[in-house]
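Peer 1: This is the structure I want to talk about, given as structure tokens.
The values are calculated or read from the model by the stated rules, or taken from the named source; none is laboratory data. Being a predicted model, the structure only gives us computed values, none of them experimental. Cβ placement follows ideal geometry from the backbone for every residue including glycine, while neighbour counts extend to all protein chains displayed. These area figures cover heavy atoms from the full protein model, side chains too; ligands, DNA and RNA do not enter into them. Shrake-Rupley method; radii C 1.70, N 1.55, O 1.52, S 1.80 Å.
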Protein chains: 2
Amino acid sequence: MTDYRRLRVALLGAGAVGSQVASLLRQHADELADRAGATLELVGIAVRDLDAKRDVELPHELFTTDAETLIVSADIVIELMGGIEPARTYLLQAINSGADVVTANKALLATHGPEIFEAADQVGAQVYYEAAAAGAIPIIRPLRDSLAGDRVQRIMGIVNGTTNYILDRMDKEGAEFAEVLADAQALGYAEADPTADVEGYDAAQKAAILASLAFHTSVPLDAVHREGITAIDKGMMDAARNAGYVIKLLAVCERLATTDAEGTPAESISVRVYPALVDREHPLASVHGANNAVFVQAEAAGNLMFYGAGAGGVQTASAVLGDVVSAARRHIAGGVGVGESTRANLPVVEIGQVTTRYQITLEVDDEPGVLATVAGILSDGRVSIATVEQTVVGEDAETARVVIGTHKAQEQDLSDTVDKLAASGVVDRVVSVLRVEGD
Amino acid sequence: MTDYRRLRVALLGAGAVGSQVASLLRQHADELADRAGATLELVGIAVRDLDAKRDVELPHELFTTDAETLIVSADIVIELMGGIEPARTYLLQAINSGADVVTANKALLATHGPEIFEAADQVGAQVYYEAAAAGAIPIIRPLRDSLAGDRVQRIMGIVNGTTNYILDRMDKEGAEFAEVLADAQALGYAEADPTADVEGYDAAQKAAILASLAFHTSVPLDAVHREGITAIDKGMMDAARNAGYVIKLLAVCERLATTDAEGTPAESISVRVYPALVDREHPLASVHGANNAVFVQAEAAGNLMFYGAGAGGVQTASAVLGDVVSAARRHIAGGVGVGESTRANLPVVEIGQVTTRYQITLEVDDEPGVLATVAGILSDGRVSIATVEQTVVGEDAETARVVIGTHKAQEQDLSDTVDKLAASGVVDRVVSVLRVEGD
């Protein structure tokens with residue numbers, strides 16, 4: 001065996017991902033050393049509870065509750081604790097003590113990313129976070145490096161496995177949301193408290209990270225428009241299927257041609273998470289189960305898609321270990337860390353300024369002139385109709401269902417128009433309003 | 001504008017990709033400077049013929065026929081000439097004069113990769129080559145870096161757009177190979193001399209590059225088994241379709257559990273390019289037209305797929321510019337280049353040792369006992385039958401067509417067995433023998 005330089009690796013957290021990282025670091029030690037050009041010595045694992053049960057067996061003497069002592073002794077610190085504190089404090093300590101850091105902590109990066117990247121820049125350290133968006137799928141390096149010479153126009157990502165699993169089963173089985181969620185919880189695909197997933201919080205964190213990378217702009221989490229999937233019901237799924245669509249929770253990051261306050265053309269971006277109609281022929285429509293995929297449209301490269309497992313302990317561990325090898329190679333090569341590129345500094349617009357196509361489903365009185373009234377309200381509201389389909393529903397044949405596909409319209413116009421429709425007297429019920437993405 | 005350090009960029013070659021790179025470097029100069037943290041100054045473009053017509057308009061004063069003078073003055077050299085010489089000599093000169101180099105030259109890397117990487121190691125330079133495999137698709141960084149902590153088990157790649165375009169049209173239109181090829185040539189999807197594409201030479205070069213990265217082993221081009229698609233006819237496409245398959249030209253890079261000369265378990269790899277049957281439900285089956293996709297199976301990460309445009313001037317330019325930005329960031333950060341990881345040094349086995357499933361189509365006399373004879377020959381040859389389908393063909397009803405699906409069998413056994421079937425007296429014709437990939 002080659003005699004490599006020895007690098008001290010500290011691990012913070014030994015949950016589903018952490019325990020797999022520790023196990024693989026030990027199991028493949030020789031191979032990883034050959035790849036990194038350095039021996040990666042796992043010197044300790046900081047945990048809150050020394051006696052907690054772990055997913056894999058690890059030597060007892062590696063565990064410690066003294067994270068701070070462990071951190072200052074390390075060349076590379078892997079943070080897999082999750083949450084904001086003490087993860088943030090530990091990462092900053094690691095950076096300031098001269099270590100490179102690897103993290104999968106999307107919540108932390110989406111909220112304190114600039115602070116952490118700035119701290120790393122100050123001391124020339126590098127922050128690696130391939131596992132923080134879309135799990136095992138290599139998407140950070142492609143956006144950060146491979147597409148650094150291109151201009152990303154749009155990203156549409158299925159970045160939350162739990163919601164994709166639920167929507168996919170609702171689509172395939174014609175089941176209701178609550179029913180599939182309960183089953184997903186029983187099977188371990190959804191947490192006991194599913195809020196972070198089904199309300200889109202997890203996807204919004206990942207969207208902030210992806211948009212920051214793609215647009216070279218620091219995107220704060222609160223600039224991400226977020227809607228979850230709890231309002232999606234069987235009726236909406238069935239209607240989508242009949243119209244050749246599937247409903248997916250998408251993280252959409254988009255470059256917009258807008259104008260500034262003086263009316264001068266100036267680019268801006270939109271970052272939003274919501275359930276949307278996707279054409280069944282679109283590559284994203286064929287992403288099933290708990291898988292993730294990120295569809296990227298770039299000016300020169302055209303359409304790209306990255307597909308794989310979005311979560312899972314061992315899958316995510318793969319991304320973390322790739323980062324650890326990169327960190328080790330950088331230690332050997334020397335040089336300072338390469339900071340995040342945020343100099344484009346594009347403004348993030350409110351959801352009201354975004355334009356997409358929509359599908360509006362209404363229940364109306366089945367009387368002469370109703371459709372004309374509806375069409376008039378849309379036209380007055382600057383919402384242009386692309387398709388209309390009217391079907392009679394109900395046994396009394398007094399109610400009709402109208403499905404309107406719009407051309408691209410501005411969200412604010414659309415939203416105001418839907419309010420007017422609801423108050424118009426001819427509309428009994430606004431059944432659903434869904435955006436159509438992917439063209 | 002920020003006052004950045006100025007880096008001198010030299011471009012060798014101004015063909016379809018080179019002219020786009022030059023154009024984008026100039027067009028997006030400010031933006032690229034912000035991303036790289038350095039001004040990327042295109043100082044010259046070396047060409048053979050100063051008066052040749054270019055795809056895009058570029059200032060005449062940038063062009064020179066004196067590549068060597070240009071190279072020694074540059075911080076970053078982009079080689080987009082193609083071919084082995086003088087590209088090899090120029091790249092080595094660039095490396096030895098202290099430049100980082102960016103190349104899309106798959107032929108050169110597949111044949112002289114080790115020499116070039118070794119030269120870069122000697123002086124601490126870095127070689128970037130994202131555009132050398134699968135065009136615009138970011139696949140080099142994911143394999144080199146993101147999956148560096150994982151163990152890749154298998155890669156199945158559609159890495160040649162021309163052959164995928166031809167096979168896709170044959171599949172969709174029920175057309176013959178020659179007919180679609182002629183059309184592809186007329187449309188510019190295939191070259192006047194299509195040998196490099198249709199005989200699999202281009203795919204074999206990319207397979208050598210992908211396998212080298214995935215298995216941390218320097219894979220020489222002549223270790224890649226190569227078959228083209230010229231023998232694929234309408235009958236084979238139709239039969240594949242009827243059986244739920246599609247025929248794709250695949251680059252397969254596989255890790256094998258073999259034994260060494262003493263019988264000790266020792267890993268090896270297989271790298272091969274051939275047309276294969278792919279299940280229509282497999283993600284690779286939905287890669288249409290001239291698109292490329294690389295499906296990766298890794299021990300921890302599971303299944304990943306990378307999809308996008310495999311060729312095209314501006315698409316490939318995206319990958320090249322990503323490399324240029326990376327090279328610039330490295331120049332600013334300092335440190336030496338990170339060498340290629342080839343220390344696994346796994347042996348590449350001959351095609352005869354590879355095991356896959358097969359589909360064998362035979363025409364036999366429609367007589368009692370024939371199927372028993374065929375089954376006996378297969379069994380004697382250690383080829384286990386999974387499925388058999390016999391249909392009577394021809395007006396006289398004297399000939400039957402037998403389609404045999406095998407379990408995994410060793411290529412050498414299969415090939416010997418097919419020879420025995422052909423010579424058996426009961427087989428009129430071996431219609432086709434195709435591997436089945438993707439399980």
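Peer 1: Just the residues that are under 30 Å from A:Glu363 (Cβ atoms), surrounded by 19 or more Cβ atoms within 10 Å (Cβ to Cβ) and either of a type in the set (Lys, Arg) or at pLDDT below 95 (or both), please, taken from region A:241-265.
Peer 2: From region A:241-265, those under 30 Å from A:Glu363 (Cβ atoms) are A:241-250, A:252; that's our starting set.
If we keep only those that are surrounded by 19 or more Cβ atoms within 10 Å (Cβ to Cβ) as well, we get A:245-250, A:252.
Within region A:241-265, A:Lys248 is the sole residue that qualifies.
Peer 1: Can we say B:Gln297 is assigned by TED's automatic domain parsing to the domain that holds B:His407 and modelled with pLDDT of 95 or more? It would help to see each step written out before you state the result.
Peer 2: Working: assigned by TED's automatic domain parsing to the domain that holds B:His407: no; modelled with pLDDT of 95 or more: yes.
In short, no.
Peer 1: Anything in region B:39-79 that is modelled with pLDDT of 95 or more and within 14 Å of another protein chain (Cβ to nearest Cβ)? List them, or say none.
Peer 2: Answer for region B:39-79, where residues must be modelled with pLDDT of 95 or more and within 14 Å of another protein chain (Cβ to nearest Cβ): B:Thr39, B:Leu40, B:Leu42, B:Ile76, B:Ile78.
Peer 1: Looking at the structure I just gave you, is B:Gln390 within 22 Å of B:Ile232 (Cα to Cα), outside the structural domain of B:Gly157 (by TED's automatic domain parsing) and at pLDDT below 95?
Peer 2: Values: within 22 Å of B:Ile232 (Cα to Cα): yes; outside the structural domain of B:Gly157 (by TED's automatic domain parsing): yes; at pLDDT below 95: yes.
Against the criterion (within 22 Å of B:Ile232 (Cα to Cα), outside the structural domain of B:Gly157 (by TED's automatic domain parsing) and at pLDDT below 95), B:Gln390 qualifies.
Peer 1: Looking at (1) among the hydroxyl-bearing types (Ser, Thr, Tyr); (2) within 20 Å of the chain's Cα centre (by Cα); (3) more than 8 Å from chain B (Cβ to nearest Cβ), can you tell me which one A:Ser341 breaks?
Peer 2: For A:Ser341, the exception is condition (3).
Peer 1: Here's something else I'd like to know. Identify the single condition in (1) open to solvent by 20 Å² or more (accessible area, probe 1.4 Å); (2) within 30 Å of A:Gln185 (Cβ to Cβ); (3) aliphatic (A, V, I, L, M) that A:Ile229 does not satisfy, given that it satisfies every other one.
Peer 2: Of everything listed in (1) open to solvent by 20 Å² or more (accessible area, probe 1.4 Å); (2) within 30 Å of A:Gln185 (Cβ to Cβ); (3) aliphatic (A, V, I, L, M), A:Ile229 misses just condition (1).
Peer 1: If you check B:Val336, B:Val294, which single one turns out to be within 27 Å of B:Lys106 (Cα to Cα), assigned to a loop (DSSP other than H, G, I, E, B) and either facing chain A (nearest Cβ under 7 Å) or not small (Gly, Ala, Ser) (or both)?
Peer 2: Just one listed residue meets the conditions, B:Val336.
Rundown of residues vs (1) facing another protein chain (nearest Cβ under 8 Å); (2) open to solvent by less than 10 Å² (accessible area, probe 1.4 Å), yes/no style:
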site	(1), (2)
A:Tyr307	yes, no
A:Val314	yes, no
A:Val324	yes, yes
A:Ala328	no, yes
A:Glu350	no, no
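Peer 1: When the residues of region A:215-271 are filtered to those that are out of contact with any strand residue (DSSP E or B) (no Cβ under 8 Å at 6 or more places or on another chain) and part of a helix (DSSP H, G or I), which remaining residue is nearest to A:Leu167 (Cα to Cα)?
Peer 2: If we take residues in region A:215-271 being out of contact with any strand residue (DSSP E or B) (no Cβ under 8 Å at 6 or more places or on another chain) and part of a helix (DSSP H, G or I), then A:Lys234 is nearest to A:Leu167 (Cα to Cα).
Peer 1: Out of the residues in region B:192-202 that are touching a residue at least 24 places away in the same chain (Cβ under 8 Å) and open to solvent by 50 Å² or more (accessible area, probe 1.4 Å), state the one that is farthest from the other protein chains (Cβ to nearest Cβ).
Peer 2: It comes out as B:Glu199.
Peer 1: Next up: Criterion first (open to solvent by 60 Å² or more (accessible area, probe 1.4 Å), assigned to a helix (DSSP H, G or I) and farther than 19 Å from B:Leu92 by Cα) does B:Arg26 satisfy it?
Peer 2: Yes.
Peer 1: Working only within region B:32-67, note down all residues that are in a helix (DSSP H, G or I) and exposed (fewer than 15 other Cβ atoms within 10 Å of the Cβ).
Peer 2: Step one: filter region B:32-67 for residues in a helix (DSSP H, G or I), giving B:32-36, B:60-62, B:67.
Listed by number, the residues that qualify are B:His60, B:Glu61.
Peer 1: Also, quick follow-up: Checking the structure you have, find out if any residue of region B:19-31 is more than 33 Å from the chain's Cα centre (by Cα) and either at pLDDT 95 or above or within 14 Å of chain A (Cβ to nearest Cβ) (or both). I'd like the intermediate steps shown before the answer.
Peer 2: Within region B:19-31, the subset more than 33 Å from the chain's Cα centre (by Cα) is B:30.
Those still in the list that are either at pLDDT 95 or above or within 14 Å of chain A (Cβ to nearest Cβ) (or both) too: B:30.
Yes, region B:19-31 has at least one match.
Peer 1: Give me a count of the residues in region A:190-214 that are over 18 Å from A:Asn105 (Cβ atoms) and outside any helix (DSSP H, G or I).
Peer 2: Taking region A:190-214 and keeping what is over 18 Å from A:Asn105 (Cβ atoms), we get A:190, A:192-195, A:198-200, A:214.
Next, only the ones that are outside any helix (DSSP H, G or I) stay: A:190, A:192-194, A:199-200.
Looking only at that region, the number is 6.
Peer 1: Oh, and also: Checking the conditions here, which among B:Val296, B:Val364, B:Val374 is closer than 22 Å to B:Lys206 by Cα, crowded, with 20+ Cβ neighbours inside 10 Å and among the β-branched types (Val, Ile, Thr)? Explain how you work it out, then say what you get.
Peer 2: Numbers: B:Val364 fails: closer than 22 Å to B:Lys206 by Cα; B:Val374 fails: closer than 22 Å to B:Lys206 by Cα.
The unique qualifying residue is B:Val296.
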